[in-house]
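Please read the structure below before turning to the comments.
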Amino acid sequence: MYKRVLITGANGLLGQKLTTAFSADRSFDLLASARQPHAYNSDASFGYVSLDLANKGAVKELVWNFAPEIIINAAAYTDVDGCEREKELSWRANVTAVENLVAASRLVEAKLIHVSTDYVFDGKNGPYDETALPNPLSYYGREKLASENVLRNSGDNWAIVRTMVVYGIANNVKKNFAVWLAQELQKGNRVNIVSDQIGNTTLADDLARGIYELVKQNRRGLYHIAGADILSRYDFAVKLAHAFGSDASLINPIKTADLNQLAARPLQSGLITLKAQSELGMNFLSTDESLHIFKRQFLESAARPAT
Ligand SMILES: NC(=O)c1ccc[n+]([C@@H]2O[C@H](COP(=O)([O-])OP(=O)(O)OC[C@H]3O[C@@H](n4cnc5c(N)ncnc54)[C@H](OP(=O)(O)O)[C@@H]3O)[C@@H](O)[C@H]2O)c1
């Protein structure tokens, strides 16, 4: 017997890693969806349909027709400062979309797996476990907390995975912190990196592996899944420089306040992942292990001819 799985937001960074992980397991019948007319993940083969999650009718129709046992939502409006500027637009992607998925999943009794963030916390006294009280600082954090509450109020057929600082290589995705940093250092450019934001950094492939295990083991409830180490963004940058053989003296430590960003960031953050480790029986990758994989993928992708 195979299980039907619908992955939404399949063209994002996490979405592409999830489609790779689930399409490799023949016990799943995978359908992926995103807004674009075709799938960006060219490393795997699976069914694909174009879908805007803000369109309630379209979400219901797709879910009713495919009748998945499991829906994994990797879609979100992830530009944290953009959320402060575009409140209505970002609410539609981050909250309305989840309401639409909950309503549709009820029709076919599908379990909904949703991804959230450490930005639900204020970063005053991290790291946080699953029992810690959220207190978001930014509009993005409030939206993601609201989306968690949509699931919590929907019954018990759900799981929420909180993660943080996700990075990795995928096709046509927004440039993430690690990709930008590796490119700048390779060009020999000086970079300013905040030394007062503390937390885990998470290789997208490892996050997808955690979500895959959670689905395989039929888990419900709230889980923190993130890279194994808690360190400052500056320390991560120095490790990345070493992994790439770049000059770490190009990295200049600065304070978050120097950036004058629209959205406030949690500073002393971090996610404690012990629950996921013990219940799922898995270890998450250390920063050095993750960077080793990331470097290989970065070099492979740089060597690939542009399409
Ligand atoms: N990246 C991080 O550091 C981080 C940290 C903590 C938690 N998370 C969470 O992890 C999840 C995955 O993040 P990610 O880094 O993979 O994000 P991403 O690369 O920005 O991908 C998100 C995808 O969602 C899609 N999307 C937005 N609105 C949509 C809509 N109305 N209908 C359908 N698709 C829509 C976007 O498609 P378009 O291209 O069409 O806009 C994009 O492909 C999100 O829930 C995010 O909040 C991420």
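Evaluated against (1) of a type outside the set (Lys, Arg); (2) buried (at least 20 other Cβ atoms within 10 Å of the Cβ); (3) within 28 Å of Ala103 (Cβ to Cβ); (4) out of contact with any helix residue (DSSP H, G or I) (no Cβ under 6 Å at 6 or more places or on another chain), Asn157 falls short on exactly one condition, (2). Val150 falls short on exactly one of the conditions (1) within 21 Å of Gly227 (Cα to Cα); (2) touching an Asp or Glu at 6+ places or on another chain (Cβ under 6 Å), and that condition is (1).
Cβ separations smaller than 7 Å between residues 6+ apart or across chains give the following pairs from the range 283-302 residues that are more than 16 Å from Asp43 (Cα to Cα) and touching a residue at least 40 places away in the same chain (Cβ under 8 Å) to residues that are acidic (Asp, Glu) and assigned to a helix (DSSP H, G or I): Phe284/Asp206; Leu285/Asp206; Ser290/Asp206; Ile293/Asp205.
Among the residues here, Val59 does not qualify as over 16 Å from the mean Cα position of the chain (by Cα), surrounded by fewer than 22 Cβ atoms within 10 Å (Cβ to Cβ) and within 12 Å of the ligand (Cβ to nearest atom).
Search the range 145-174 for residues being in a loop (DSSP other than H, G, I, E, B) and away from the ligand (no atom under 14 Å from the Cβ), and hand back the single one that is nearest to Leu13 (Cα to Cα). It would help to see each step written out before you state the result.
In the first step, residues of the range 145-174 are kept if they are in a loop (DSSP other than H, G, I, E, B); the result is 153-157, 164-165, 168-174.
Keeping just the survivors that are away from the ligand (no atom under 14 Å from the Cβ) gives 153-157.
Details: Asn153: 28, Ser154: 27, Gly155: 29, Asp156: 28, Asn157: 25 Å.
Looking at the filtered set, the residue picked out is Asn157.
Among residues of the range 85-96 that are more than 8 Å from the ligand (Cβ to nearest atom), those with a beta-carbon under 9 Å from a residue that is among the hydroxyl-bearing types (Ser, Thr, Tyr) and not in a helix (DSSP H, G or I) at least six positions away or on a different chain give the pairs Glu86/Tyr77; Leu89/Tyr77; Ser90/Tyr77; Trp91/Tyr77. Condition check for Arg142 on (1) without any contact (Cβ under 8 Å) to a residue 40 or more places away in the chain; (2) within 9 Å of the ligand (Cβ to nearest atom); (3) charged (D, E, K, R): one failure, at (2).
When restricted to residues that are buried (at least 18 other Cβ atoms within 10 Å of the Cβ) and out of contact with any helix residue (DSSP H, G or I) (no Cβ under 6 Å at 6 or more places or on another chain), the range 182-198 contains 1.
Name the residue that is nearest to Glu99 (Cα to Cα), counting only residues in the range 12-31 that are away from the ligand (no atom under 11 Å from the Cβ) and hydrophobic (A, V, I, L, M, F, W, C).
Pass one, the range 12-31, residues away from the ligand (no atom under 11 Å from the Cβ): 19-31.
Next cut, hydrophobic (A, V, I, L, M, F, W, C) only: 21-22, 24, 28, 30-31.
Working: Ala21: 26, Phe22: 24, Ala24: 30, Phe28: 25, Leu30: 22, Leu31: 20 Å.
Among those that are away from the ligand (no atom under 11 Å from the Cβ) and hydrophobic (A, V, I, L, M, F, W, C), it is Leu31.
What are the pairs, 6+ residues apart or on separate chains, where a residue within the range 165-178 that is over 17 Å from Ala34 (Cβ atoms) and surrounded by fewer than 24 Cβ atoms within 10 Å (Cβ to Cβ) has its Cβ under 6 Å from a residue that is at pLDDT below 95 and basic (Lys, Arg)? Here the result reads none, with nothing in the range 165-178 linked to a residue that is at pLDDT below 95 and basic (Lys, Arg).
The values are calculated or read from the model by the stated rules, or taken from the named source; none is laboratory data. Keep in mind the model is a prediction, meaning the values are calculated, not measured. A quick note on method: Cβ atoms are made from the backbone with ideal geometry, for glycine too, and the neighbour counts reach across all protein chains shown.
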